[in-house]
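> Questions regarding the structure given below will be posed in turn.
The values are calculated or read from the model by the stated rules, or taken from the named source; none is laboratory data. This one's a predicted model, so the numbers in the text were calculated from it and none came from an experiment. Backbone-built Cβ (ideal geometry, glycine too); neighbour counts: all protein chains shown. Only protein heavy atoms, including side chains, enter the accessible area calculation; ligands, DNA and RNA are left aside. Shrake-Rupley method; radii C 1.70, N 1.55, O 1.52, S 1.80 Å.
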Amino acid sequence: QLQLVESGGGLVQPGGSLRLSCAASGFTLNGYGIGWFRQAPGKEREGVSCISSSDGSIYYAESVKGRFTISRDNANNTVYLQMNSLTTEDTAVYYCGADVDVADNAIQAMCVLQADAGNHAMDYWGKGTLVTVSS
């Protein structure tokens with residue numbers, strides 16, 4: 001079975017931190033651009049942070065810049081999203097997606113458009129993990 005599985009979500013107070021994990025099963029993430037996306041209640045899904053296939057380029061949405069960090073651990077076939085200084089506006093279901101051979105200069109477009117350079121859908125999507133930020 002080829003899939004991505006997110007984990008690490010939960011309930012956290014404002015100002016707190018969480019680390020989300022995106023683990024690949026049935027294929028290797030090496031050579032894939034990876035993105036974290038989120039969908040808040042009543043809103044459309046948006047790109048949060050994405051990393052290119054070579055790890056040479058990283059994109060962050062303005063709303064999370066300076067607070068979130070994306071990283072890749074190829075040895076464990078996992079991508080992480082470290083989230084600090086969380087606010088209630090970060091409450092959402094967080095999804096990871098992967099697309100093969102995303103170049104450094106294409107990562108921003110992938111994150112914003114949620115598609116590859118040819119405007120094709122992401123190759124793989126996880127089912128999401130819920131992050132709730134509440135006091």
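> So how much slack lies between Lys127 and Leu2, counting 0.36 nm per residue of separation and subtracting their Cα-Cα distance, in nm?
Details: separation 125, 0.36 × 125 = 45.00 nm, distance 1.26 nm.
The Lys127-Leu2 span can extend by a further 43.7 nm.
> Once phi is turned into θ = phi - 60°, what whole-Hz ³J(HN,Hα) does the Karplus curve with 6.51, -1.76 and 1.60 give for every residue of the range 6-12, x standing for Gly and Pro?
Here the 3J(HN,Hα) series is 8, 8, x, x, x, 9, 9 Hz.
> List, in order, the whole-Hz ³J(HN,Hα) value for each residue of the range 60-69 obtained from phi through the Karplus relation with A = 6.51, B = -1.76, C = 1.60 and θ = phi - 60°; use x for Gly and Pro.
Here the 3J(HN,Hα) series is 10, 5, 4, 5, 10, 4, x, 10, 10, 9 Hz.
> Okay, moving on. In whole percent, and with a 1.4 Å probe on the protein chains, what portion of the accessible area of the range 54-117 is carbon and sulfur?
Its accessible area is 47 percent carbon and sulfur atoms.
> Just how far, in whole angstrom, is the range 6-63 from the range 118-135 if you go by their alpha carbon centroids?
If you average the Cα positions of each part, the centres end up 7 Å apart.
> What full-extension length gain, to one decimal in nm, is calculated for Asn77 and Ala115 as 0.36 nm per residue of separation minus the Cα-Cα distance?
11.5 nm
> Say each of Thr87 and Lys65 gets a label point 7 Å from the Cα, pointing the same way as Cα to Cβ; how far apart are those two points in nm?
According to this spin-label approximation, the distance is 1.5 nm.
> For Arg45 and Gln13 in one chain, what is 0.36 nm times their gap in residues minus the Cα-Cα distance, to one decimal in nm?
Values: separation 32, 0.36 × 32 = 11.52 nm, distance 2.26 nm.
Length gained, Arg45 through Gln13: 9.3 nm.
> Rg (Å, one decimal) plus Dmax (Å, integer) for the alpha carbons of the chain?
13.7, 42
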